[in-house]
Structures are given as structure tokens and as C-alpha cells.
1. Can you pull the percent of Cα pairs in the stretch 1-112 with separation above 18 Å?
2. Along the Cα→Cβ direction, 7 angstrom out, place labels at residue 11 and residue 52. What is the inter-label distance in nm?
3. Accessible area of the stretch 35-101 with a 1.4 Å probe: how many percent of it is carbon plus sulfur?
4. Note down the magnitude of the dipole of the chain about its Cα centre, charges +1 on Lys and Arg C-beta and -1 on Asp and Glu C-beta and zero elsewhere, to the nearest 20 debye.
5. I need the calculated FRET efficiency for the pair residue 86 and residue 45, taking r as the beta carbon distance and R₀ as 30 Å, to the nearest 0.05.
6. Hey, can you find the accessible area per residue of the chain for me, probe 1.4 Å, expressed in square angstrom?
7. Say each of residue 72 and residue 27 gets a label point 7 Å from the Cα, pointing the same way as Cα to Cβ; how far apart are those two points in nm?
8. Go through 80-86, 93-99, 7-13 and give me the packing order, highest mean Cβ count within 10 Å leading.
Amino acid sequence: QVQLVESGGGLVQPGGSLRLSCAASGSRFSGGAMAWYRQAPGKQRDLVAIITRGGSTNYADSVEGRFTISRDNAKNTVWLQMNSLKPEVTAIYYCYTGAFGNDYWGQGTQVTVSS
């Protein structure tokens with residue numbers, strides 16, 4: 001199996017920053033692409049950013065230039081640095097990876113942007 005454990009969420013004022021972390025473990029973790037998704041109340045879960053093992057990245061248009069995804073393959077960890085936060089990014093953020101045809105999700109971490 002694969003376990004993904006997120007941390008780093010919380011309450012932040014508009015314009016602030018947060019850094020989310022996701023640590024992967026388990027015998028079936030392949031070290032492949034990892035991603036961050038988010039789900040706001042009443043909305044579908046959407047892709048925020050994805051990073052390949054080699055470090056190639058892609059972002060949702062709405063976060064391009066403000067969010068940065070990175071990873072350390074030796075530590076099996078991926079981060080999401082979020083800057084210039086706006087209230088509309090309030091959501092539960094989930095870490096994701098796929099391995100051997102299966103999807104694996106973390107438990108989610110709440111990010112709330114509010115004054």
C-alpha cells in the first residue's frame with residue numbers, strides 16, 4: 001500500500017503564504033508523479049499542481065505564478081508553496097499519487113484564507 005500524510009494547512013489572511021507538505025510511504029510507492037488537488041465545499045476536486053519524478057511541473061491556470069510544487073525524491077516528500085493567497089483558494093487540499101494502476105490520496109489538510 002501507499003500512505004500519504006499531509007501537513008501545513010491552516011488559517012491565513014489574504015495575501016499571506018502557506019507551505020503544505022506530503023510525505024509518502026509504503027511498499028507500493030513507486031516514486032512517480034505526485035500532485036496536489038483541492039476541493040472546496042460543494043465543488044468537485046480539482047487539480048492544483050503536479051510534478052513528475054524528474055521535476056517537470058504543471059499548474060492550474062488559477063495558481064500559476066503564485067503556487068510552486070517541489071519534491072525531494074530521497075525523502076519521498078512533495079511540497080506546495082502557496083503565496084499571495086486569496087479567499088477563493090479556501091479548500092481541503094489533498095496529496096495524490098498513482099502506483100501500479102491504483103490511486104492513492106492523503107487525508108487532506110484544510111486551507112482557509114480569511115481576514
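The values are calculated or read from the model by the stated rules, or taken from the named source; none is laboratory data. Worth saying up front: this structure is predicted, and the values here are computed from it rather than measured. Glycine also receives a Cβ, built like all others from the backbone with ideal geometry; neighbour counts cover every protein chain displayed. Protein only, heavy atoms only, side chains kept; ligands, DNA and RNA dropped before computing areas. Shrake-Rupley method; radii C 1.70, N 1.55, O 1.52, S 1.80 Å.
1. Details: 2735 of 6216 pairs.
Of all Cα-Cα distances in the stretch 1-112, 44 percent exceed 18 Å.
2. In this crude label model, residue 11 to residue 52 measures out at 4.2 nm.
3. 47
4. The calculated dipole for the chain is roughly 140 debye.
5. Numbers: r = 19 Å, r/R0 = 0.63.
In this case the efficiency is close to 0.95.
6. Numbers: 5960 Å² over 115 residues.
Value for the chain: 52 Å² per residue.
7. Between residue 72 and residue 27, the simple spin-label model gives 2.7 nm.
8. Numbers: 80-86: 18.4, 93-99: 20.7, 7-13: 14.4.
Peptide ranking by packing, descending: 93-99, 80-86, 7-13.
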